[in-house]
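The values are calculated or read from the model by the stated rules, or taken from the named source; none is laboratory data. In this text the structure is predicted, and so the values were computed from the model without any measurement. FYI the Cβ positions are ideal-geometry reconstructions off the backbone, even for glycines, and counts take in every protein chain you see. What goes into the accessible areas is simple: the full protein's heavy atoms, side chains included, and nothing from ligands, DNA or RNA. Shrake-Rupley method; radii C 1.70, N 1.55, O 1.52, S 1.80 Å.
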Amino acid sequence: MFLTNFLRWLDATHFSQWMRGSILAEPIVESTHVLTLTLFLGFAVLLDLRLLGVVMRKRPVSEVLDQFNPYLMWGFAVMIVSGVLLFSGDPLSFYSTIFFKIKMILLVFAGLNVLIFNATIRKKVAEWDLAAKTPRAAKIAAVVSLLLWVAIVAAGRAIAYALPPP
Ligand code: HEM
């Protein structure tokens, strides 16, 4: 009940009405969402492929992690901000779609996967930094990450097709 009231309140705000009425606002925010995706997901997939031992095998994993982290962090932050702005432009319609709900749940799992990786296998990276084969736990984290991001992108794309008629 609280969530419905909150979404109704958000939908009635000047900002939300402005986003819906403006010719440029939503396309600019959506383009930011999609363009930042290329940066964020590009680095996330490359990192997962390194953890799977597919690419950059001669480069220490810790070096790749350190180099990619700023782009991953900034990319993720811009995805969240642009996503929230997009959502606040038509909260009731977006929330009514099953794909938006699925996407938010998958985002939580993607975040948990990163937290578990950082709290476990990453702490021991010095032991396997240049190993010919990366540990099983690192491979599992990479596969889970790849599957989750594919599902998140698919759910994000499907939102537009499940929106109620205006
Ligand atoms: C890293 C996290 C995220 C990823 C990878 C992601 C990915 C995507 C993708 C691929 C689309 C489809 C874009 C298109 O083809 O037009 C999309 C749309 C959308 N995203 Fe995200 N997103 C993320 C975070 C968020 C967050 C946190 C929110 C809101 C709280 C959000 C709200 C939306 C909405 C409302 C749309 C639909 C836009 C429309 O169809 O008009 N996203 N997202």
Residues of segment 75-88 classified as near the ligand (Cβ under 8 Å from one of its atoms) and of a type outside the set (S, T, N, Q), total
8
A25 vs (1) among the hydrophobic types (A, V, I, L, M, F, W, C); (2) touching a Gly at 6+ places or on another chain (Cβ under 8 Å); (3) within 9 Å of the ligand (Cβ to nearest atom); (4) farther than 15 Å from I152 by Cβ: all pass except (3)
Hey, any hits in segment 49-70 for a residue that's under 21 Å from the mean Cα position of the chain (by Cα), farther than 29 Å from T32 by Cα and not in a helix (DSSP H, G or I)?
yes
Residue hits (segment 113-151; within 14 Å of the ligand (Cβ to nearest atom), more than 16 Å from L52 (Cα to Cα) and open to solvent by 40 Å² or more (accessible area, probe 1.4 Å)) are V150
Residue, nearest to the ligand (Cβ to nearest atom), within segment 94-107, restricted to residues that are closer than 15 Å to L147 by Cβ and among the aliphatic types (A, V, I, L, M)
L107
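Taking the conditions exactly as written (more than 8 Å from the ligand (Cβ to nearest atom) and either open to solvent by 40 Å² or more (accessible area, probe 1.4 Å) or modelled with pLDDT of 95 or more (or both)), does L72 satisfy them or not?
Yes; evaluated as a whole, the condition is true for this residue.
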